[in-house]
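*Asks:* This structure is in structure tokens; I'll ask about it shortly.
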Amino acid sequence: MVDDILTAAIKASSKSAGVVIDDAAVTPQYVHGLSPARELPVVGKIALGSILNKLILIIPAAMLLTAFAPWVLPWLLILGGAYLCFEGAEKVLEWFGFHHGHEDDEGARDERKLILGAIRTDLILSAEIMLISLSNIDEGMGTWTRLAVLIAIAFMMTGIVYGAVALLVKIDDIGWKMTENEATKPLGQRLVGSMPAVFKVISIIGTVAMLWVGGHLVVANLAEVGFTPLYDFLHLVEEALAPAGAVVVWVVDTAISAVIGFVAGLLIVGLVLGIGKIFGKRPSFSEGGRSPHNVSV
């Protein structure tokens, strides 16, 4: 029985590999900038939040909704996708010095808020992973077996994602250790020297992943509830590019989904700012991204 459950878990989760990669790309940006001593503890707390998301919220809700109200699932995924679009658009705007709020002091990162933000984002990505996996579990399985498969997937995916994240955030420490040995010193120095660029790339990939996954969730699930123009457009593009090969189709589909996600995110940011203005909150532009130089507009 255990072998059957693990086999079913691997098979069912294989189609969610793209979202797993996105999850692993998104998370390191939440840890970047912390002191080395706090990196792994924070990753551990986010991983704990992730497994609780899956076991306490996502799996019970998915099982109940699938059984009694399957029509609700697309709407929940639209909301989740919209949140990812909002997060991604905010991060893009921050690259250009636009900030939705103010930081308390220069360089400060509130660990609690950081962890909660990462867990909120994980909730949406984990929901997609688990729902994709659930849709690929053999319907002939009994309820308890399906539940066991989902639990196995929850632990497996959390271990893969946050194991990869932990490795990424500690590569620079590994590099420093390597510099203590003459034989490995050159490689260690290259590792340490490359990490700022690596994290910058990871941050960009993570932001694009948010926009891509968010845009895709919104488009696909709007089609599920009857609004099909965006989905039909993507389908036409895929058909037109099919002769160019699967890689080209995937790249273009991803780019279009990310653009849709960014536009949707900007609309939501505008809505949030409008609501904030009503309550007296103002956005800010920062010089070099540092809050002490913020100028209210």
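*Asks:* So what's the gap between the Cα centers of the range 116-165 and the range 37-90, to the nearest angstrom?
*Replies:* First find each Cα centre; the distance between them is then 10 Å.
*Asks:* Between Ile151 and Thr7, take the C-beta separation as r, use R0 = 22 Å, and let me know the FRET efficiency to the nearest 0.05.
*Replies:* For R0 = 22 Å, the calculated efficiency reads 0.90.
*Asks:* Helix-only estimate, please: 222 nm mean residue ellipticity of the chain, summing -39500 (n - 2.57) across DSSP H runs of length 4 or more and dividing by its residues, to the nearest 500.
*Replies:* Result for the chain, helices only: -26000 deg cm²/dmol.
*Asks:* Given the options Ile56, Ile205, Ile137, state which has the largest fluctuation in a GNM of the chain using a 10 Å cut-off (strictly under) for Cα springs.
*Replies:* Maximum fluctuation in the GNM of the chain, among the listed residues, is at Ile56.
*Asks:* Among Val249, Leu234, Val201, flag the residue with its Cα farthest along the positive direction of the charge dipole of the chain, charges on Cβ as +1 for Lys/Arg and -1 for Asp/Glu.
*Replies:* The one lying farthest along the dipole's positive direction is Val201.
*Asks:* Here is a follow-up. Work out which helices of the chain, taken as complete DSSP H runs, extend at least 30 Å along their axis over the Cα atoms and score a mean Kyte-Doolittle of -1.0 or more, then list them.
*Replies:* 72-95, 111-135, 143-178, 185-224, 246-278
*Asks:* Arranged from highest to lowest average of other beta-carbon atoms within 10 Å per residue, in what order do the peptides 209-222, 174-187, 250-263, 149-162 appear?
*Replies:* 209-222, 149-162, 250-263, 174-187
*Asks:* Viscosity 1.567 mPa s, temperature 4 °C: what is the translational diffusion coefficient of the chain from Stokes-Einstein with a Kirkwood Rh over Cα pairs, rounded to a whole number of µm²/s?
*Replies:* Calculated translational D: 62 µm²/s.
Quick note: the coordinates plus some simple rules give every number you see, no bench work behind them. Source: prediction; values computed, not measured. We place every Cβ from the backbone using ideal geometry, glycine too, and count neighbours over all the protein chains shown.
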